[in-house]
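Written below as structure tokens is the structure these notes are about.
The values are calculated or read from the model by the stated rules, or taken from the named source; none is laboratory data. This one's a predicted model, so the numbers in the text were calculated from it and none came from an experiment. Cβ: placed from backbone, ideal geometry, glycine included. Neighbour counts: every protein chain shown. The protein model used for the area step is the full one, side chains on, heavy atoms only, and it has no ligands, DNA or RNA in it. Shrake-Rupley method; radii C 1.70, N 1.55, O 1.52, S 1.80 Å.
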Amino acid sequence: NAGVMQNPRHLVRRRGQEARLRCSPMKGHSHVYWYRQLPEEGLKFMVYLQKENIIDESGMPKERFSAEFPKEGPSILRIQQVVRGDSAAYFCASSPYSRAGLYNEQFFGPGTRLTVL
Amino acid sequence: QKEVEQDPGPLSVPEGAIVSLNCTYSNSAFQYFMWYRQYSRKGPELLMYTYSSGNKEDGRFTAQVDKSSKYISLFIRDSQPSDSATYLCAMGGAGGTSYGKLTFGQGTILTVHP
């Protein structure tokens, strides 16, 4: 059973370009979470999605960032007009379910390291 | 004030030592508590999770939660060089639409030298 897959593993963009990060959850998982890890910091929650629904986007910057998880295909985190401060490792996690009050183990992918020149 | 505080270290210990890693938190709504291990340039992997106050043991690892003090710990016995990694505490289940969200500490860098 393949784990969470993310691609690309490394992405270099110039300021002002767009970055698209992809995440394929583990087989059978319909819940996806995106986290950002800045240098020497812990992971910060960005967004939680189910298929075709955004459940919690409280950690997403208000501008330039968007996420989707379509019925078919991977989840996409899109960053428009990137700036140097967007340079970070972006991790995706998936879980088979998520219910209020119940523990839901989140399995993490290897991350995409975004460098903005 | 951060919701979760973790001493970033770094922590350097000799092989065989007992390691203690700690986090404090401010949000009493957190319902479950986890420790993740992250090797350099890899994704986090779950070590242990627990719901309630008390101790939970798994091999050389013991997780301890004290909800009254809002304090969690991870103990590693007989530490090995292969334990060298960054250890992240994480908390979740805060309710509302935040039930899926994990809140992480900053991470403690641990080095176990032979």
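This model, with +1 at the C-beta of Lys and Arg and -1 at the C-beta of Asp and Glu, gives chain B a dipole about its Cα centre of some 260 debye. For A:Asp56, the residues whose modelled amide H falls within less than 5 Å of its own, excluding neighbours fewer than 5 places apart on the same chain, are A:Tyr48. Sequence-distant contacts, meaning Cα pairs under 8 Å at least 6 residues apart, place the relative contact order of chain B at 37 percent.
A dipole drawn for chain B from +1 and -1 charges on Cβ atoms has a positive end, and of B:Phe30, B:Gly59, B:Gln106 the residue lying farthest that way is B:Phe30. For the protein assembly as shown, the dipole from Cβ point charges (+1 on Lys and Arg, -1 on Asp and Glu) about the Cα centre works out to 800 debye, to the nearest 20.
Only protein atoms count toward the accessible area here, which uses a 1.4 Å probe; on the protein assembly as shown, the carbon and sulfur part of that area reaches 47 percent.
State the volume of the convex hull built on the alpha-carbon positions of the protein assembly as shown, expressed per residue in Å³ and rounded to an integer. The partial results should precede the final answer.
On the way: hull volume 29.5 nm³, N = 231.
Roughly 128 Å³ of hull volume per residue.
For segment A:5-64, applying the loop criterion from DSSP together with a ceiling of 16 other beta carbons within 10 Å to the GluC sites (Glu not before Pro) yields A:Glu18, A:Glu40, A:Glu41, A:Glu52, A:Glu63. The calculated Kirkwood hydrodynamic radius for chain A is 14.3 Å, given to one decimal from all distinct C-alpha pairs. Only one residue of A:Leu114, A:Pro74, A:Asn53 has its Cα farthest out toward the positive end of the dipole of chain A, where Lys and Arg carry +1 and Asp and Glu -1 on Cβ, and that residue is A:Leu114.
Do the alpha carbons of any pairs in A:Lys71/B:Lys56; A:Lys62/B:Lys56; A:Lys51/B:Lys67; A:Lys71/B:Lys42 sit beyond 31 Å of each other, and which pairs?
Details: A:Lys71/B:Lys56 39 Å; A:Lys62/B:Lys56 40 Å; A:Lys51/B:Lys67 34 Å; A:Lys71/B:Lys42 28 Å.
Flagged as over cut-off: A:Lys71/B:Lys56; A:Lys62/B:Lys56; A:Lys51/B:Lys67.
Under the combined filter of DSSP loop state and at most 11 neighbouring Cβ atoms within 10 Å, segment A:14-99 retains these trypsin sites (Lys or Arg not before Pro): A:Arg14, A:Arg15, A:Lys27, A:Lys62, A:Lys71, A:Arg99.
Report the B-A buried area as the accessible area lost on both sides summed, probe 1.4 Å, in Å² to the nearest 100. Please report the intermediate quantities before stating the final value.
Numbers: alone 6250 and 6850 Å², together 11040 Å².
Buried: approximately 2100 Å² between A and B.
Protein heavy-atom accessible surface, 1.4 Å probe, per residue over segment B:39-91: 49 Å². What separates the Cα centres of segment A:46-117 and segment B:49-114 is a distance of 23 Å.
When the chymotrypsin sites (Phe, Trp or Tyr not before Pro) in segment B:1-101 are filtered for DSSP coil states and for at most 15 other beta-carbon atoms within 10 Å of their beta-carbon, the remaining sites are B:Tyr39, B:Tyr51.
In summary, chain B shows an alpha-carbon radius of gyration equal to 1.03 times the 2.2 N^0.38 Å reference for compact globular proteins.
Taking Cα centre as origin and charging only the Cβ of basic (Lys, Arg, +1) and acidic (Asp, Glu, -1) residues, the dipole magnitude of chain A rounds to 380 debye.
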